[in-house]
Amino acid sequence: MTALSRRSDISQEGLGWFGIIRVGTVQAAIGAMVMLATSLLNRVMVVEYSVAAAVPAALVAWHYAVQLTRPLWGHKSDQSRSRTPWIVGGMCILAFGSVLAVDATIWMAKPDLGAVILAIASFTMIGFGVGMSGTALLALLASRVTAERKPAAAAISWTMMIAGIVIAAGLSGAFLDPFSEPRLAIVTSIVVLVAFCLAMLALRNLEAKNPPIIQANGSEKTQSFPEALREIWQEKEARRFTFFVFISMLAYSMQDLIMEPFAGFLFEMTPGESTQLSSLQHSGILVGMLASGVGGSLYTKCFGQNLKLWIVIGCVGSAVMLGGLSFAATQGVSWPLKANVFGLGLANGIFAVAAVGAMLGLASKGRRSGEGARMGVWGASQAIAFGLGGLTGAVLVDQLRASTGQDATAFQIVFSIEALLFVAAALVATGTTLIRPSGEQKEGLTA
């Protein structure tokens, strides 16, 4: 059975720009709801209710662990006639879990076993909801966007996801003051309701009116989940890309919990100033995403698709900027920290969008396994890396500060490790063909 026989009817149109924006709107809705659990409720538990910081950190780590089910949800969406029910179902679970997480947080004002059980259950639902809806949504995007538009599609969808997080955080923060439990419940419920309704409007008839670029033949035997995983893992290309996703996202997330302490300890920044530094980094990420999306699409038109180039540029650039931060630990306030952090965000954004664009292209290359199963495998790898990365970075800094007695040495070592991980990710990427082949090439590959 060849890849070409599995997918016969060819359509060259794919999703238009407005359709891609609609997919991005769903991504933004997912990001807005997840923000409530991973950011807002984290702060409320620790600051307003004096819960140990380890509790929300463990809950966030657990929601990433639950996302190991992504390959299963992706495979199930491959086997169904439509991905939309999986997206809608996942978002229903995510919305309900987000509301329950707020209830669990309020209950923690007077903590007991019931509050803990409800918190675990709600974050489990959030993990399932994100995994189910996010995997099916990316599979939908992968199967309905032409190769030339995939870099820009990745940039648009991820930029809109971050925009959804920023807008939801800004609006909810503005209406939460003065803080009270009823106000917390009302504001978060409105955020969830608005995000869910926007996603449903964006999804309306989106899949029905935009058939896949390469349609499934429909005559082949249904592939079981273990068979799909076995096929994906036996492919050198897919296996190496899984390693690349894990290594690069581990390096990407290790800085999350240590950047602001780094600025405070070694550059004597106030909490407000370190928060602004974090905002500057995210601004750089947005600029990098847009640059990678626009630049990748223009490059594809002129020279052909080469997402590997943009991934390597982003990874090497991130390694250089992290090397700068490592050196900054010995220089103190004389170092141009803001420029360095913005540059790190810029490089991170370039590599992240290029990696997602490559993921969209590789997802359609399976002989029998569909886009959903492949997106699920890479999504699970990313979830593991995100769950481990932030925790690993924070633990390493704490242990090194305690053992060396030197703040500068501790941060210098951790930033150096991150830089080396990005270099390793670039090396892994160079051994992976990240370009979706044309029909003629596919014929040659399936001999």
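The values are calculated or read from the model by the stated rules, or taken from the named source; none is laboratory data. Everything quoted here is computed from the prediction, not taken from an experiment. Positions of Cβ are backbone-derived with ideal geometry, glycine not excepted, and every protein chain shown enters the neighbour counts. Side chains are part of the model used for accessible areas, which takes the heavy atoms of the whole protein and leaves out ligands, DNA and RNA. Shrake-Rupley method; radii C 1.70, N 1.55, O 1.52, S 1.80 Å.
Of the residues making up region 331-340, none is free of Cβ contacts under 8 Å to residues at least 60 places away in the same chain, surrounded by 24 or more Cβ atoms within 10 Å (Cβ to Cβ) and assigned to a helix (DSSP H, G or I). A Cβ distance below 6 Å, combined with a sequence gap of six or more or placement on separate chains, defines the contacts here; from region 59-81, residues that are open to solvent by 60 Å² or more (accessible area, probe 1.4 Å) reach residues that are assigned to a helix (DSSP H, G or I) in the pairs W62/F123; L68/A380.
State yes or no: is A185 within 19 Å of the chain's Cα centre (by Cα) and open to solvent by less than 80 Å² (accessible area, probe 1.4 Å)? Reasoning before the result, please.
Numbers: within 19 Å of the chain's Cα centre (by Cα): no; open to solvent by less than 80 Å² (accessible area, probe 1.4 Å): yes.
In short, no.
Among the residues of region 143-155, those identified as surrounded by fewer than 24 Cβ atoms within 10 Å (Cβ to Cβ) and of a type in the set (A, V, I, L, M) are A147, A152.
Given the options E227, E260, E220, E237, name the one that is in a helix (DSSP H, G or I) and at pLDDT below 85.
Working: E227 fails: at pLDDT below 85; E220 fails: in a helix (DSSP H, G or I); E237 fails: at pLDDT below 85.
One residue alone meets the criteria, E260.
The single condition among (1) within 20 Å of V414 (Cβ to Cβ); (2) open to solvent by less than 50 Å² (accessible area, probe 1.4 Å); (3) modelled with pLDDT under 90 that G295 does not meet is (1). Against the test of being more than 25 Å from the chain's Cα centre (by Cα), open to solvent by less than 60 Å² (accessible area, probe 1.4 Å) and of a type in the set (A, V, I, L, M), the options V47, V51 yield a single qualifying residue, V51. Test each condition in (1) open to solvent by 60 Å² or more (accessible area, probe 1.4 Å); (2) modelled with pLDDT of 90 or more for L140 and report the one that comes out false. With (1) open to solvent by 60 Å² or more (accessible area, probe 1.4 Å); (2) modelled with pLDDT of 90 or more applied to L140, the lone miss is (1). Out of I165, I87, I93, which single residue is in contact (Cβ under 8 Å) with a residue 60 or more places away in the chain and open to solvent by 10 Å² or more (accessible area, probe 1.4 Å)? Going through I165, I87, I93 in turn, just one is in contact (Cβ under 8 Å) with a residue 60 or more places away in the chain and open to solvent by 10 Å² or more (accessible area, probe 1.4 Å): I165. Only one entry of G323, G314, G288 meets the criterion of being under 29 Å from T430 (Cβ atoms), open to solvent by 20 Å² or more (accessible area, probe 1.4 Å), in contact (Cβ under 8 Å) with a residue 40 or more places away in the chain and small (G, A, S), and that entry is G323.
Say whether the condition of being open to solvent by less than 30 Å² (accessible area, probe 1.4 Å) and within 23 Å of T25 (Cβ to Cβ) is met by at least one residue in region 102-119.
no
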